[in-house]
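Colleague: I have a structure I would like to understand better, so I am pasting it below and will then ask my questions one at a time.
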Amino acid sequence: MSTPKADKLPLKSLPDPPTQARLDDRLLMAGGSLAFGLAIPWLTGLYGPLGPGDARFWVGFAGFIALAFAIWAGNRWLLFKQREHLNWFAHPLRKLLMLVSANVLYTAPLTLAAIWAWFHIAGLAVDVNALKLVVATNVICVLFVTHAYETMFLIRERESDMLRVERLERARTQAELGALKAQVDPHFLFNSLNTLGHLIANDPNSAREFSDTLAEIYRYVLDSRQRDLVPLDEELAFLRHYHRLLALRFGAAMPLALDPALQTSQWLVPPLALQTLLENAIKHNEASAAQPLTVGFTLDGDRVRARNAVQPRRSALPSSGLGLANLDERCRLLAGRALRRRAEAGMFEVSIPLLARP
């Protein structure tokens, strides 16, 4: 039996975590450098009386943009180098001091030298106040941009950490699910062999039919090992085959009532889930021709409900202790929801969650 990929564990594929090396800020750096190179000289009066009609104006125009780019690129390089050696969480104070010191000690001298050179090239008197204002403005702008970079890095690292945690959680879930699925096959085989042993001793003819039927349905069991979820209608067909095995042993003592609404592939369910519910009812309740045990399966919203009368056994059947505990854990891992159990008015019911098929 083949099933679509949707029957696999529905855990989303996770992209690789973002890294500093993959940060593409070329557009930001180009736009930011151009904006600062144009705005700061105008706002601080560095051009003085020079206008666009003067060639010196265009020399300054190009020089200020180049200065802005050099300041941006240099501080960016310093920031990246510090990130290779210092971490906010390990050394927050040292990181802050080094970051501010690097920004100031690189930006201030470079700005001071460039503006001093501009005044001499332009033949303008050195305006000390304008010089101080430009240096202070550049340092403040650099600190602001550096803070923006750090915020962006912290957001990306947060995303990276969340993805890494999700990867670990997915790996843990897959490992737990694999271990649980490995338990299901021996559990099913153990109970089937118990039944076969009983028939061989009491009804050899039925034992032969049981053996042949068991071989057929065990193919489904083996196939289900490769799948985390199966369509509900497939599981229902398997349940009917399994009930045939029970009928060979119990005769009419185990009537099965199935809701027609279950015959759908719209929902997915853990393999052998319905069989586990039927098996659990048999294990804990008396069933005979005089007192038949009817187990009913109905579709209840996004759950399948199994319901039977409480008819306690006088002698318990051998049990491996897996049963509902295993199914409950598989449902938690696959659907994020647990089994629901309720006993009232002489009836017992268990419902298992379903997952909608993509």
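Listed here are the residues, each with its yes/no results for (1) surrounded by 13 or more Cβ atoms within 10 Å (Cβ to Cβ); (2) aliphatic (A, V, I, L, M); (3) under 28 Å from Leu124 (Cα atoms); (4) modelled with pLDDT of 80 or more.
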site	(1), (2), (3), (4)
Gly60	yes, no, yes, yes
Ile71	yes, yes, yes, yes
Arg76	yes, no, no, yes
Gln82	yes, no, no, yes
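Colleague: Any residue in segment 301-321 that is modelled with pLDDT of 90 or more, within 19 Å of Asn191 (Cα to Cα) and in contact with a helix residue (DSSP H, G or I) (Cβ under 6 Å, 6 or more places away or on another chain)?
Modeller: No, the conditions are met nowhere in segment 301-321.
Colleague: Here's another thing I want to ask about it. Considering only strands (runs of 3 or more DSSP E) fully contained in segment 260-358, which possess at least 1 residues that are closer than 17 Å to Phe250 by Cβ and either over 36 Å from the mean Cα position of the chain (by Cα) or in contact (Cβ under 8 Å) with a residue 12 or more places away in the chain (or both)?
Modeller: 295-300, 303-309
Colleague: Something else now. Could you tell me whether Leu154 is of a type in the set (A, V, I, L, M, F, W, C), assigned to a helix (DSSP H, G or I) and either modelled with pLDDT of 85 or more or in contact with an Asp or Glu (Cβ under 9 Å, 6 or more places away or on another chain) (or both)?
Modeller: no
Colleague: Taking the residues in segment 25-52 that are of a type outside the set (A, V, I, L, M, F, W, C) and farther than 19 Å from Ala117 by Cβ as candidates, determine which candidate is surrounded by the most Cβ atoms within 10 Å (Cβ to Cβ).
Modeller: Of everything passing the filter in segment 25-52, Gly32 is surrounded by the most Cβ atoms within 10 Å (Cβ to Cβ).
Colleague: Same structure again: Answer yes or no as to whether Leu256 is modelled with pLDDT of 90 or more, within 18 Å of Leu339 (Cα to Cα) and of a type outside the set (Val, Ile, Thr).
Modeller: no
Colleague: Moving on to the next point. Return the residues of segment 247-258 that are buried (at least 19 other Cβ atoms within 10 Å of the Cβ) and out of contact with any Asp or Glu (no Cβ under 9 Å at 6 or more places or on another chain); say none if nothing qualifies.
Modeller: Met254, the sole residue that qualifies.
Colleague: To continue, here is another question. Only one of (1) over 23 Å from Leu34 (Cα atoms); (2) in a helix (DSSP H, G or I) is not met by Gly74, so which one is it?
Modeller: (1)
The values are calculated or read from the model by the stated rules, or taken from the named source; none is laboratory data. What you see is a predicted model; the values in this text were computed from it and never measured. Every residue, glycine as well, gets a Cβ built from its backbone with ideal geometry; the counts of neighbours run over all protein chains shown.
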